[in-house]
Structure formats: C-alpha cells, structure tokens
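Everything on this sheet refers to the single structure shown next.
The values are calculated or read from the model by the stated rules, or taken from the named source; none is laboratory data. As the structure is a prediction and not an experimental result, all values here were calculated from the model. All Cβ positions, even for glycine, are placed from backbone atoms using ideal geometry, and neighbour counts span all protein chains on display. Only protein heavy atoms, including side chains, enter the accessible area calculation; ligands, DNA and RNA are left aside. Shrake-Rupley method; radii C 1.70, N 1.55, O 1.52, S 1.80 Å.
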Amino acid sequence: MAAPSLAGKPRKVIPKILAVIHADGCTGCEACLEVCPVDCIYKVPGEEHPTLQTFCDIDLDRCIGCKHCAQVCPWDAIDMVDTIDVAYHVAVKGGPPQYLDEQWDALVDQAQRNAEGLLAKKK
Ligand code: SF4
Ligand code: SF4
C-alpha cells in the first residue's frame, strides 16, 4: 500500500536542516519538484515574471528537511543547510535580481522565522 501523502498537511516540527536552491545553478528541470513529499517546491518566476529564466524555490515553512530533492538534483543546485543559518543561505542563493529585489523580505524573513522558531524550541 502506498504511503499516505503529506502534501498540503501542516508541518508538525521545524526540522534541523532545510533545503535551499541556488537559483543560478538551477535549470528548472523539476526533478526535485517531483520527489518532494510535501509539495513545497515551486517554479518561479511564473506568471509575474514571464521573461525571466525559470528556476525553482522552496516554501521553507513547509520543508521537512528530508533531503530527497538534494539527492535527485542533477546540477547539485540544492544544499541542505542548518536551519539556524538558513537566512544567510537564502540571502546568498542568487537568482535574477528582479525576483530577489521583489521577494527579498518575504524570502529572508521566512528563513529567519524558521531559525528563530527552532531556537525557541531549544530553550
Ligand atoms: S528537503 Fe524534502 S521537504 Fe524539503 S524541499 Fe526537499 S524534498 Fe521537499
Ligand atoms: S532538480 Fe535541481 S536543477 Fe532541477 S529544478 Fe530542482 S533545483 Fe533546479
């Protein structure tokens, strides 16, 4: 019997490691997207930026740190990083300046929230 799908279900704990895609090394091949058990990888830039080269990004509020994506990426564009350092890794992950400029606060704030959430649990 197939394992129950975790897609769309809320994450119960903040993992110790999270996945970060280096946008400059990502070709948008979607191999990672197909293996993510929680469907937290998405294509960007999408409809808002149709002229930019496609790559993938990760919803860090849903990533469970399972490493499946990093294991299948043919271009080694995904790093599993310590959650407490994830905001730094997100800040230097590269990608089209237009996307980064517009998404900077959302992406880095989300990463920082995950780091702080993990630290708060350790206290
Ligand atoms: S580590 Fe697992 S949950 Fe996180 S993005 Fe990769 S495949 Fe998805
Ligand atoms: S598997 Fe790697 S190259 Fe392909 S979309 Fe995912 S991060 Fe990008």
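Charge dipole (Cα centre; +1 on Lys/Arg Cβ, -1 on Asp/Glu Cβ; no other charges) of the stretch 17-122 amounts to roughly 400 debye. Stretching the chain fully between ASP85 and TRP104 yields a gain of 5.2 nm (0.36 nm per residue, less the alpha carbon separation). When its C-alpha radius of gyration is set against 2.2 N^0.38 Å (N residues), the chain gives a value of 1.03. Solvent-accessible area of HIS22, all protein chains in place: 50 Å² (probe radius 1.4 Å, heavy atoms, ligands and nucleic acids excluded). With a Cα cut-off of under 22 Å and a minimum spacing of 8 residues unless on different chains, the lysine pairs in the chain number 15.
Ignoring everything except DSSP H segments at least 4 long, calculate the 222 nm mean residue ellipticity for the chain; use -39,500 (n - 2.57) per segment, divide by total residues, nearest 500. Don't skip to the end; give the middle numbers.
On the way: 4 runs with 42 residues, N = 123.
Taking each H run of at least 4 residues, the total per residue is -10000 deg cm²/dmol.
By a 1.4 Å probe calculation restricted to protein chains, ILE64 has an accessible surface near 60 Å², given to the nearest 10. Ranking of LEU33, LEU119, LEU60 by solvent-accessible surface, largest first: LEU119, LEU33, LEU60 (1.4 Å probe, protein heavy atoms only, all chains present).
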